[in-house]
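Data first, discussion second: the structure below is written as structure tokens.
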Number of protein chains: 2
Amino acid sequence: MEFEQVGKMFCQHYYGMFDSNRASLVALYRDQSLMTFEGAQVQGAQKIIEKFVSLTFKEVKHEVQTIDCQPSLTGGILVVVSGQLKTDTDAPHRFSQMFHLVKEGNNFWVSNDVFRLNYG
Amino acid sequence: MEFEQVGKMFCQHYYGMFDSNRASLVALYRDQSLMTFEGAQVQGAQKIIEKFVSLTFKEVKHEVQTIDCQPSLTGGILVVVSGQLKTDTDAPHRFSQMFHLVKEGNNFWVSNDVFRLNYG
């Protein structure tokens with residue numbers, strides 16, 4: 001189904017950008033975008049990118065393991081991801097992330113983003 | 001903030017019902033509700049409850065560890081949960097779950113539900 005293809009392509013694009021040049025993710029957020037990162041709430045593309053850029057690791061690699069997609073009531077797409085994250089020389093961390101994608105023309109932007117590392 | 005209180009109260013209510021009488025969760029879903037349970041997609045309150053009731057464990061206990069809430073574009077609430085799940089005498093499993101809650105009068109119903117066990 002189309003929403004699944006879009007969700008999977010989005011993840012490939014998003015984590016590819018995150019892992020190579022995370023400042024470039026600014027293009028995927030808007031002023032209304034909400035992000036909750038390890039419990040800290042941030043609003044707006046600029047502040048979200050400042051948060052990403054402030055993260056202290058130099059190298060990062062996301063390995064996506066599951067992607068679940070659903071259409072939302074507004075015609076957007078909910079995308080729920082789980083996987084592993086490797087930063088610098090640290091042991092891998094499990095993470096989960098949720099996005100709500102809003103369609104605008106032929107593109108999508110992120111209205112909601114919740115990221116958590118999964119410990120224990 | 002109000003959406004956080006609602007999200008937390010919803011989780012307490014939801015997992016309390018799940019762990020004591022999961023058939024009663026039918027009241028929280030509608031015909032439009034979408035659930036993705038370990039990658040399997042189900043639509044509609046009746047089919048979602050059939051799925052829950054078909055799960056083979058007798059006893060289940062959810063221990064919620066993190067709850068992240070955000071307002072959605074439609075005035076609903078996105079709730080992202082992580083925690084541990086104990087079934088019968090099995091070792092605990094980590095899980096993550098995402099809900100989108102839609103307000104209707106003074107109540108909320110679940111339009112979207114994505115559940116995953118987190119392995120590894």
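Would you confirm whether any residue within segment B:8-18 is on the phi > 0 side of the Ramachandran plot, surrounded by fewer than 18 Cβ atoms within 10 Å (Cβ to Cβ) and either within 9 Å of chain A (Cβ to nearest Cβ) or assigned to a helix (DSSP H, G or I) (or both)? Scanning segment B:8-18 turns up no residue that is on the phi > 0 side of the Ramachandran plot, surrounded by fewer than 18 Cβ atoms within 10 Å (Cβ to Cβ) and either within 9 Å of chain A (Cβ to nearest Cβ) or assigned to a helix (DSSP H, G or I) (or both).
Considering segment B:65-108, the residues that are aromatic (Phe, Trp, Tyr) and within 11 Å of chain A (Cβ to nearest Cβ) include one that is nearest to A:Thr36 (Cα to Cα), namely B:Phe99.
Checking the conditions here, which among A:Glu59, A:Glu38 is over 12 Å from the mean Cα position of the chain (by Cα), within 14 Å of chain B (Cβ to nearest Cβ) and exposed (fewer than 15 other Cβ atoms within 10 Å of the Cβ)? Steps first, answer last, please.
On the way: A:Glu59 fails: within 14 Å of chain B (Cβ to nearest Cβ).
Checking each option against the conditions leaves just A:Glu38.
For every residue, the table says whether it meets (1) crowded, with 20+ Cβ neighbours inside 10 Å; (2) touching a residue at least 40 places away in the same chain (Cβ under 8 Å); (3) among the polar types (S, T, N, Q).
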{"site": "B:Glu63", "(1), (2), (3)": "no, no, no"}
{"site": "B:Thr66", "(1), (2), (3)": "no, no, yes"}
{"site": "B:Leu73", "(1), (2), (3)": "no, no, no"}
{"site": "B:Gly76", "(1), (2), (3)": "yes, no, no"}
{"site": "B:Val81", "(1), (2), (3)": "yes, yes, no"}
{"site": "B:Gln84", "(1), (2), (3)": "no, no, yes"}
{"site": "B:Thr87", "(1), (2), (3)": "no, no, yes"}
{"site": "B:Gln97", "(1), (2), (3)": "yes, no, yes"}
{"site": "B:His100", "(1), (2), (3)": "yes, no, no"}
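Among the residues of segment B:36-53, the ones that are out of contact with any helix residue (DSSP H, G or I) (no Cβ under 9 Å at 6 or more places or on another chain) and closer than 21 Å to B:Tyr119 by Cβ come to 5 in all.
Just so you know, all these numbers are worked out from the coordinates, no wet-lab data involved. What you see is a predicted model; the values in this text were computed from it and never measured. Every residue, glycine among them, receives a Cβ derived from its backbone with ideal geometry; neighbour counts consider all protein chains shown.
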